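Presented below is the structure to which this report refers.
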Amino acid sequence: MATRPAFGTVLRAYRTGAGLTQEDLADRSGLSVRAIRNLEIGRTGRPQRQTVALLSLALRLTEPEEAALLTAAGRGHTEPPSGGRCELPPDVPDLCGRDLPVAAVTRALTTTGPKAALISGGPGVGRTAVAVHVAHRVRDRFPDGQLYADLDQPDRTPISVDAVLTRLLRSLDVTDPPATRDERAALVRAELAARRVLVVLENVAHEGQVRPLLTGAAPSAVLMTSRRDLLALPGVQTVRLDPLGAACARQVLVRLVGGRVRDEPDAAWAIVDACARLPVALHIAGSWLAARPHRPLADLAALLTDDDLVLDRLTVADLSVRACIATHVATLRPDEQRLLHQLAHVDTDTLTPAELCHPLASAEPALRDGLDALAHAHLLTPVGTGYRMNPLVRRYAQEEAGLPRLRAAR
């Protein structure tokens, strides 16, 4: 029976054929010079699969050459990958009104080119539900694993890039991650390039958190959600979520409380309006009604007409519209928060820059920049030449702006 060639011999041939020294290969691969020397002299006879992937990427090997290197390492393509785990949350099987964004994200993750998509949207629009639903829908395309990580921390500060990389390497069964960030990022990319893995990253705060993970054209895919538009990630398909259409918003209530919606149509529409057609608000309202089958819908509609208490009413268990909005507002710079508070007290449905300059004592170009920043954070919606603010966001901003005065009065 033919014996396979020594790994060190094959590696040395590829390295010298590429005109690289051991030091050059170490710089490219993220491995140490000592590790490469031990591989070439045979001291490390059967390197791990991720080590071979890093070397293959650094040497820019073709598929047949990479296969030969894997065979020399005793880790041919027939060896089952160490991944295969599914970390996805439970699916949301029936999303009303989200057919178009689901189709767009699915296409982005199953294309022949770079497979990366971003779902962005305002507070309570259901980014997580859409992302998880699509991830389950394409699971069979990524048999080597479906990884999931929420990049939020309890104090709302973004998780570090190092923590993201370490978290993913752990899920990829890398037990001894490299010491530096660049090495860990290179190893993650190599692992994703060598497998068919779907990575779902929730609540990405900024581009730097995820840029080291994007491999370009590879068998793996990355699906992200974010509270803001991430404008500096080329090659990523962005899908923006808006509040539901009126008919779909009403249908959400029908699914939660059934025929009671048809029995009280006027009250049902009043609840839909008070919830601003946000899925999270509608689910909270539906949960309130489902827990009180003896109460008419008109009772809840009346409670939600009180602007001072509407955010208090839209809370059940761990779901809270106020908390959803607060996490969005917390991502703003102080000057952007001040502008949001000012806009919340402008008594008009459409906020037009030219008309706001005088009352806000701001030059129009600078004001437009501020309005655009709030729009990218999904706290304003561009409409024609102006912007609109979701009524629940407006109410939250009014509360925040009035809080110091209320405390002083007390």
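Bear in mind that the values in this text are calculations on the coordinates, not laboratory data. Quantities reported herein were computed from a predicted structural model and do not represent experimental measurements. Cβ sites come from the backbone with ideal geometry, for glycine too, and all protein chains shown count toward neighbours.
By how many nm would the segment from Glu207 to Asp369 lengthen if fully extended, with 0.36 nm per residue of separation less the alpha-carbon distance? Intermediate results must be reported in sequence, preceding the final value.
Numbers: separation 162, 0.36 × 162 = 58.32 nm, distance 1.99 nm.
Result: 56.3 nm gained on full extension.
Let me spell out the model: positive unit charges on the Cβ of Lys and Arg, negative unit charges on the Cβ of Asp and Glu, origin at the Cα centre of the range 90-205. What dipole size does that give, in debye rounded to 20?
On the way: 15 positive and 15 negative charges, 74 e Å.
I would put it at about 360 debye.
Calculate, in whole percent, how much of the Cα-Cα pair population of the range 246-307 lies beyond 13 Å.
Values: 991 of 1891 pairs.
I get 52 percent for the Cα pairs in the range 246-307 exceeding 13 Å.
Separation between the Glu87 and Asp27 pseudo-spin-labels, each 7 Å from Cα along Cα→Cβ, expressed in nm?
Spacing of the two 7 Å Cα→Cβ label points: 3.3 nm.
I'm checking a number: the convex hull volume of the Cα atoms of the range 7-72, normalised per residue, in Å³. What is it? Don't skip to the end; give the middle numbers.
Details: hull volume 4.5 nm³, N = 66.
Once divided by residue count, the hull of the range 7-72 is 69 Å³.
I need the Debye-formula profile for the range 330-395: one equal scatterer per C-alpha, no solvent, reported as log10 I(q)/I(0) at q = 0.19, 0.21, 0.28 1/Å, two decimals.
Values, matching the q order: -0.64, -0.81, -1.59.
Compute the acute angle (0 to 90°) between the alpha-carbon long axis of helix 49-59 and the principal axis of greatest extent of the alpha-carbon atoms of the chain; round to the nearest 10°.
80 degrees
Spelling out what I want: for every residue of the range 271-288, take phi, set θ = phi - 60°, compute 6.51 cos²θ - 1.76 cosθ + 1.60 (Karplus), and round to whole Hz; glycine and proline get x.
Along the range 271-288, the couplings run 5, 4, 5, 5, 7, 6, 6, 8, x, 5, 5, 5, 5, 5, 4, x, 5, 4 Hz.
In a solvent-free Debye calculation with one equal scatterer on each Cα, what is log10 I(q)/I(0) for the chain at q = 0.10 Å⁻¹, listed in the order of the q values?
For the requested q values the scattering log ratios are -0.78.
One-quarter of the Cα convex hull surface for the range 121-197, in nm²? Don't skip to the end; give the middle numbers.
Values: hull surface 25.5 nm².
Projected area, direction-averaged: 6.4 nm².
With an 8 Å Cα cut-off and a minimum separation of 6 or more residues, compute the relative contact order for the chain in percent. Spell out each step's value before the answer.
Working: 598 pairs, mean separation 59.0, N = 410.
It rounds to 14 percent for the chain.
Provide the three semi-axes, in whole Å and in decreasing order, of the ellipsoid equivalent to the range 168-299 as defined by the square roots of 5 times the Cα gyration tensor eigenvalues. Walk me through the numbers on the way to the answer.
Values: eigenvalues 409, 50, 29 Å².
So the three semi-axes of the range 168-299 are 45, 16, 12 Å.
Counting only DSSP beta bridges with both residues in the chain, what percent are antiparallel, rounded to the nearest 5?
In the chain, DSSP labels about 25 percent of beta bridges as antiparallel.
With the contact rule set at Cα under 8 Å and sequence spacing of 6 or more, what percent relative contact order holds for the range 7-72?
Numbers: 51 pairs, mean separation 26.8, N = 66.
That works out to 41 percent.
In vacuo Debye scattering of the range 99-241, one point per C-alpha: log10 I(q)/I(0) at q = 0.09, 0.12, 0.13 Å⁻¹?
Reported log10 I(q)/I(0), two decimals: -0.24, -0.43, -0.51.
In debye to the nearest 20, how big a dipole does the chain give about its Cα centre with +1 on each Lys and Arg Cβ and -1 on each Asp and Glu Cβ? Walk me through the numbers on the way to the answer.
Numbers: 49 positive and 47 negative charges, 241 e Å.
With Lys and Arg at +1 and Asp and Glu at -1, about 1160 debye.
Picking from Leu11, Cys324, Thr225, whose Cα lies most toward the positive end of the charge dipole for the chain (charges on Cβ: Lys, Arg +1; Asp, Glu -1)?
Farthest towards the positive end: Leu11.
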